[in-house]
Ligand code: TYD
Ligand code: MG
């Protein structure tokens with residue numbers, strides 16, 4: 001086998017070198033050299049190129065073919081994918097080790113029983129995979145083919161032969177091209193491996209799932225290059241100490257990136273969570289100060305979560321502001337509004353805020369709930385536990401309109417809440433039926449008066 005020609009290229013300034021060097025002599029960057037394959041093909045002439053290429057087309061003459069999607073028959077997973085698997089798409093499933101990536105892929109393979117699925121494993125032996133499938137109580141099917149191989153040349157030859165309809169690669173970091181000097185898992189190897197599967201997916205219209213590890217810093221190892229190349233990046237999240245797992249679309253060329261899928265890890269694998277709000281509110285202790293329930297939208301789905309705050313006198317010179325699952329700048333803004341408009345003095349207090357259950361809420365509609373939690377903790381008075389508060393807080397302390405209010409109210413009603421506090425402007429056009437009380441509020445102060453026994 002002949003060695004391919006490769007060179008080392010600085011990823012910061014594109015300086016080339018035949019050998020690896022630690023510091024780029026051109027731009028001075030450290031550790032920026034990555035091995036790249038040199039193409040030995042002689043460039044073709046223009047006339048030869050143009051023969052097989054389609055000419056530019058006026059946009060009015062483009063026929064849109066609805067992309068064909070295949071359902072995984074796991075509705076939570078389908079939703080994150082944007083409604084099913086798109087033919088020829090490449091999906092990267094990233095997450096910490098042990099979070100359940102292989103389990104999810106295995107369950108998907110089982111539920112795709114009708115299609116020939118090739119599971120390429122570089123991390124576990126075929127026996128281990130078989131054991132997992134037994135643990136998952138999967139019905140054995142001839143359509144699921146297992147291949148324990150990491151050499152891309154062999155993998156490439158075998159996938160040509162076995163004609164799979166779906167390919168799973170577990171994991172992309174173990175795959176390597178033997179003719180490249182770098183070790184598996186390095187940027188150049190991961191990029192070449194991804195490129196190979198991309199080509200296969202696009203020419204054969206076969207969907208490919210790549211499992212990828214996430215480093216401690218939270219980036220998918222074999223870094224951003226892979227994320228840029230693939231069509232869809234799904235991130236598997238979850239705390240080791242909780243059993244539920246959230247799949248989030250970080251990038252999706254075929255759907256929305258707002259959707260999340262929620263699962264719970266059991267003895268028999270991942271189970272879908274039909275009613276996520278219940279899960280996130282399960283451990284709520286009603287009647288404690290510093291806790292408010294808000295209705296947040298995750299994509300098209302309302303999710304009730306508890307936002308918590310702890311406000312305590314600072315013991316160091318500089319008061320701390322710390323957030324988990326909430327934007328730190330947004331917290332600063334809320335604190336400033338509370339100081340200036342509500343007249344609270346928080347300057348000498350540490351403020352910790354947290355969204356319970358390890359979820360992240362990013363939309364402004366949770367502002368009001370967070371502000372209430374902060375005031376509640378500062379004054380040590382609980383917020384009415386049977387109420388849900390939604391609304392964006394403006395710099396003037398006013399409560400501003402939010403979207404999709406009907407869905408949020410419906411979710412609160414479903415979980416037995418008695419009252420929803422909402423922005424005044426959201427009241428217009430609201431279809432109400434008597435089961436739940438809705439109260440309009442104009443300002444943070446008004447909300448405090450309504451939900452807390454203070455003053
Ligand atoms: P795994 O899918 O191997 O993780 P990854 O591929 O992301 O590294 O799953 C790892 C964990 O899930 C492991 O600690 C065991 C647990 N698990 C269950 O709790 N129930 C199950 O049915 C299975 C298969 C795994
Ligand atoms: Mg695994």
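Packing order of peptides 152-162, 167-177, highest average first: 167-177, 152-162 (average count of other Cβ atoms within 10 Å over each peptide's residues). Counted residue by residue at 0.36 nm each, then reduced by the alpha carbon distance between them, the extension gain from residue 362 to residue 428 reaches 21.3 nm. Using R₀ = 56 Å, calculate the FRET efficiency as 1/(1 + (r/R₀)^6) where r is the Cβ-Cβ separation of residue 278 and residue 17; round to 0.05. Plugging the Cβ-Cβ distance into 1/(1 + (r/R0)^6) gives 0.45. Ranking of 374, 126 by neighbouring Cβ atoms within 10 Å, starting from the fewest: 126, 374. Applying 1/(1 + (r/R0)^6) with r as the Cβ-Cβ distance of residue 137 and residue 288 and R0 = 45 angstrom yields a FRET efficiency of 0.65. Sorting the Cα pairs of segment 148-193 by distance into bins of 10 Å, from 0 upward, gives 28, 54, 18, 0 percent per bin. Helical runs (DSSP H, four residues minimum) scored at -39500 (n - 2.57) apiece and divided by the length of the chain put the mean residue ellipticity at 222 nm at -8000 deg cm²/dmol. Ranked by the mean number of other Cβ atoms within 10 Å of their residues, highest first, the peptides 198-205, 181-188, 310-317, 98-105 fall in the order 98-105, 181-188, 198-205, 310-317. Quarter the surface of the alpha carbon convex hull of the chain and you get the mean projected area, 29.6 square nanometres. Is segment 401-455 rounded, prolate or oblate when judged by the Cα gyration tensor, a ≥ b ≥ c being the square roots of its eigenvalues, rounded requiring a/c under 1.5 and prolate requiring a/b larger than b/c? It is oblate, given that a/c is not under 1.5 and a/b is not larger than b/c. Fewest-first ordering of 108, 370 by other beta carbons within 10 Å of each residue's beta carbon gives 108, 370. With everything on Cα atoms, drop me the angle between helix 328-341 and the longest principal axis of the chain, reported from 0 to 90° to the nearest 10. Tilt relative to the chain: about 20 degrees.
Subtracting the Cα-Cα distance of residue 163 and residue 151 from their residue separation scaled by 0.36 nm leaves 2.5 nm. Mind pulling the angle between the C-alpha long axis of helix 152-162 and the longest principal axis of the chain? Nearest 10 degrees, somewhere in 0 to 90. Computed tilt is about 90 degrees.
The calculated P(r) of segment 228-379, using every Cα pair and 5 Å bins from 0, goes 2, 9, 17, 19, 17, 14, 10, 7, 4, 2, 0 in percent. Taking label positions 7 Å along the Cα-Cβ direction at both residue 127 and residue 54, the computed distance is 5.1 nm, reported to one decimal. If R0 is taken as 22 Å, the Cβ-Cβ distance between residue 442 and residue 300 corresponds to a FRET efficiency of 0.15.
By the beta-carbon count within 10 Å of each Cβ, the least crowded to most crowded order of 137, 124, fewest first, is 137, 124. Look at the alpha carbon pairs under 8 Å that are at least 6 residues apart: their mean separation over the length of the chain gives a relative contact order of 12 percent. For segment 88-175, a/c is less than 1.5, where a ≥ b ≥ c are the root eigenvalues of the C-alpha gyration tensor. That puts it in the rounded class.
Bear in mind that the values in this text are calculations on the coordinates, not laboratory data. Predicted model only: the values in this text are computed from it and were never measured. Neighbour counts run over all protein chains shown; Cβ positions are idealised from the backbone, glycine included.
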